[in-house]
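One structure below.
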Amino acid sequence: MFEQLVLTVYEIVWGPVMLILLLGTGVFLTIGLKGMTVRRIPYAFRQLLKGRKGSGEGELSPFNALMTSLSSTVGTGNIAGVATAISLGGPGALFWMWCTALVGMATKYAEAVLAVNYRETDALGKKVGGPMYYIKNGLGNNWKWLGILFAIFGSLAGFGLANTVQSHEVSRVLSENYQISSHYSGLIMALLVGMVLLGGIKRIGSVAGKLVPFMTIVYVISTFIILLSHYEAIPSAIALIVDSAFNGAAATGGFAGAAMIAGLRAGVARGIFSNESGLGSAPIAHAAAETNSPVRQGTIAMLGTFIDTLVICTMTGLVLVASGAWSGELEGANMTRSVFSAGIPFGDTIFTLSLVLFAFTTMLGWSYYGERCAEFLFGPKVITPYRVLWVVGIYIGTQMQGGIVWKLADILNGMMAFPNLIALLFLSPIVFSLTREYFAEENEGSEDSAVVAQER
């Protein structure tokens, strides 16, 4: 009965309206920004390298703000989520993940710009921001109810998206492959996360700033080595991904392919689950950045979507399709694990380590998001109780059933997205204006520098 209710709600939340709103907002912002988020990728990476040291008020360096953001997005969605998307919608789901990411970069950029522009100083003297604040301060008090809705969904979504889902996938893999009891894995994960949370956002940022680059590099190198062993199959794999996006996947192995709409829905849902563009989660981290420029932080923020989906998820998807693992009987994380085990020395160990670290950092990043949403609703007094509930939720997730956990996570994602996307559309003129002003000043500064150089 409960599962059927969840499935019904899932179909409503992730129906045509959500797909159109998510992709439409991204397309609208991309056009309004004149493709800046794609054209300025090299510029964004330069700002990221400069951002190891902050220049303004905030709690985190611009670099660590992105790492905290990435810590919440680079998780089981990159490993299990991509496999799940391909299982549900065929290889074409990866194509729709790419599309979601390309337009999602503009969405992520706009979120961060607004978050920094409309952030506040809370009762504890810390910079806080995110959709609930740019709704309240940007749209006015008459729209505060929309910010409250976002904060409610955000404080709850963390438990579904980053808490129970992450811990469940880790405990399942450890139990099935290493016979480690879910009770033990749940308790250890809860303890480690709790120790980091005691230090607040600065400790989260510090841990994320070290772990995220390390685990990303290890994972990408590992998948690259696997692809080298299947290099002859890469062109046909890419062709299959594109073809099945529009024609459905042909029956291969025992897998009866899906229609275009199934692939689109799976790709968009899993893409959003992975990179979180449009959810309004990442700007909560970027609002804490030590910066005086909303636009500069926005360019750094959009790299989160680029790295998460266009790099990491792409590598996972290509490995699954090129190796043929997508058409087998395995599902979720175990599908990806099978390719790692067969493809590289110590592949099983590398896969397990990647999964554990991805999940661990996601739990950290999302704890901060949920905490800020709860603080918006109830004030600083709620922070400690929320952290306690968060740690307890990690253990609970290890004891839940997998299928329903993923569906609940998707539902909560969608409920967060609605108020955030509405705010982005209404506040888009502010984003466009700030962007034009910033790059006009950048160009003037470049011209002045060139004149000075010539005079010398």
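The values are calculated or read from the model by the stated rules, or taken from the named source; none is laboratory data. Fair warning: this is a prediction, and the values are worked out from it, not measured in the lab. Note: ideal-geometry Cβ built from the backbone for every residue, glycine included; neighbour counts use all protein chains shown.
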In region 18-35, how many residues are surrounded by fewer than 14 Cβ atoms within 10 Å (Cβ to Cβ) and modelled with pLDDT under 85?
1
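Being over 19 Å from the mean Cα position of the chain (by Cα) and either closer than 30 Å to Phe63 by Cα or at pLDDT 90 or above (or both) is the requirement here; does Leu156 meet it?
no
Do the conditions hold for Ile241, that is, is it over 17 Å from Pro91 (Cβ atoms), out of contact with any Asp or Glu (no Cβ under 9 Å at 6 or more places or on another chain) and part of a helix (DSSP H, G or I)?
Working: over 17 Å from Pro91 (Cβ atoms): no; out of contact with any Asp or Glu (no Cβ under 9 Å at 6 or more places or on another chain): yes; part of a helix (DSSP H, G or I): yes.
No; evaluated as a whole, the condition is false for this residue.
Would you call Phe346 within 11 Å of the chain's Cα centre (by Cα) and surrounded by fewer than 24 Cβ atoms within 10 Å (Cβ to Cβ)?
Values: within 11 Å of the chain's Cα centre (by Cα): no; surrounded by fewer than 24 Cβ atoms within 10 Å (Cβ to Cβ): yes.
The answer is no for Phe346.
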Filtering region 392-405 down to residues that are surrounded by fewer than 20 Cβ atoms within 10 Å (Cβ to Cβ), over 21 Å from the mean Cα position of the chain (by Cα) and either assigned to a helix (DSSP H, G or I) or modelled with pLDDT of 90 or more (or both) yields Val392, Ile396
Among the residues in region 295-316, are any aromatic (Phe, Trp, Tyr), in contact with a strand residue (DSSP E or B) (Cβ under 8 Å, 6 or more places away or on another chain) and assigned to a helix (DSSP H, G or I)?
no
Taking region 162-188 as the search range and keeping residues that are β-branched (Val, Ile, Thr) and at pLDDT 85 or above, which one is nearest to Trp366 (Cα to Cα)?
Ile188
Just one of the numbered conditions (1) modelled with pLDDT of 90 or more; (2) outside any helix (DSSP H, G or I) is not true of Leu191; which one?
(2)
By residue number, the members of region 202-238 that are aliphatic (A, V, I, L, M) and touching a Leu at 6+ places or on another chain (Cβ under 7 Å) are Ile204, Val207, Ala208, Leu211, Val212, Met215, Leu227, Ile234, Ala237
Checking Asn163 against (1) in contact with a Cys (Cβ under 9 Å, 6 or more places away or on another chain); (2) surrounded by 24 or more Cβ atoms within 10 Å (Cβ to Cβ); (3) under 30 Å from Thr398 (Cα atoms), the condition it does not meet:
(1)
